[in-house]
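Novice: Could you have a look at this structure, given as C-alpha cells, before my questions?
The values are calculated or read from the model by the stated rules, or taken from the named source; none is laboratory data. These numbers come from a predicted model, not from an experiment. In this analysis, Cβ positions are derived from the backbone assuming ideal geometry, glycine residues included, and neighbour counts consider all displayed protein chains. Calculation scope for accessible area: heavy atoms of the full protein, side chains included, ligands and nucleic acids excluded. Shrake-Rupley method; radii C 1.70, N 1.55, O 1.52, S 1.80 Å.
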Amino acid sequence: MKKILVIAFICLSALGHAQLTSKEEVTPELVAKRETQKKEVTKNYLALKNSLIISDSLAVVKNAEALKASLNKFKFKKLSLEQMNEATIKRKDIIDLVTQVAATKNINKQRKIVQELSVKFWELAPKFKAEDATLYLQVCPMTGAVWTSDSKEIKNPYYPKNMLTCGEVKATL
C-alpha cells in the first residue's frame, strides 16, 4: 500500500510540474526570449548575405559560425509532429550548408553554397521572422538565384561587382 501511495504521489508531482512548465511557455518573458532568438537567427543570416555583397570572405566565415550557433539554439514551437520533423530536417540542412560556408575562404565557393542555403532559409523564414520584421525574397532574374533581405532595395550578393542592383522582389513576409 505504501508503494502505491508513493507512486501516486510521484505521478501527481510530475503532472503538477508538467502543468507548471506548460504555463511558463506563455509568459511575457518567454515570448520576449523567443522573439530575441528569431531576431538573432535572421540578423545572422542577413550579416552573412551582406558579407557576400562586400566580398569579405573572412566576415562570411565569422557570420556563418554565428548563424550556425543561433540556429542550434533555436527551438521550434507550436508545430504538429509532422511540421516539427520537416522544420527540424530543413534546419539541419541549413546548418550543414552553413558549416560548408564556414569551412572555405573562397568567396566564389561561399556564394555557390549560400545560393542553396538561401532557398532553404526562405522555406523556414516564417518560423524565424520576428513579429516586427518584414523580410523580402529577392531573385536575380538572369540566374534565378534567390536571397532574403530586410530591405526592398536590391543588392545582389552573388554578383556585386557586375550586377549589384540586378534583381527583383518576389515575395514578402
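Novice: Cβ-Cβ distance below 9 Å, separation of 6 or more or different chains: which pairs start in the stretch 102-113 with a residue that is surrounded by fewer than 12 Cβ atoms within 10 Å (Cβ to Cβ) and end on one that is not polar (S, T, N, Q)?
Specialist: Close Cβ pairs satisfying both conditions: K105/L58; K105/V60; K105/V61.
Novice: Could you check the stretch 117-173 and list, in sequence order, the residues that are within 21 Å of the chain's Cα centre (by Cα) and among the acidic types (D, E)?
Specialist: Those that are within 21 Å of the chain's Cα centre (by Cα) and among the acidic types (D, E): E123, E131, D132, D150.
Novice: Among the listed residues K78, K90, which satisfies the condition of being open to solvent by 90 Å² or more (accessible area, probe 1.4 Å) and either of a type in the set (A, V, I, L, M, F, W, C) or over 16 Å from L52 (Cβ atoms) (or both)? Walk me through how you get there before you give the answer.
Specialist: On the way: K90 fails: open to solvent by 90 Å² or more (accessible area, probe 1.4 Å).
Going through K78, K90 in turn, the sole match is K78.
Novice: Now for a separate question. Restricting the search to the stretch 125-173, which residues are open to solvent by less than 30 Å² (accessible area, probe 1.4 Å), assigned to a loop (DSSP other than H, G, I, E, B) and in contact (Cβ under 8 Å) with a residue 40 or more places away in the chain?
Specialist: The answer is A130, L135, N156, P157, Y158, P160.
Novice: Let me ask something else. Looking only at the stretch 56-95, which residues are modelled with pLDDT of 95 or more and part of a loop (DSSP other than H, G, I, E, B)?
Specialist: Within the stretch 56-95, D56 is the sole residue that qualifies.
Novice: Of these, K38, K68, K49, K92, which one is charged (D, E, K, R), over 17 Å from S149 (Cα atoms) and either in contact (Cβ under 8 Å) with a residue 12 or more places away in the chain or in contact with a Cys (Cβ under 6 Å, 6 or more places away or on another chain) (or both)? Let's see the steps before the verdict.
Specialist: Working: K38 fails: over 17 Å from S149 (Cα atoms); K49 fails: over 17 Å from S149 (Cα atoms); K92 fails: either in contact (Cβ under 8 Å) with a residue 12 or more places away in the chain or in contact with a Cys (Cβ under 6 Å, 6 or more places away or on another chain) (or both).
Matching residue, one of K38, K68, K49, K92: K68.
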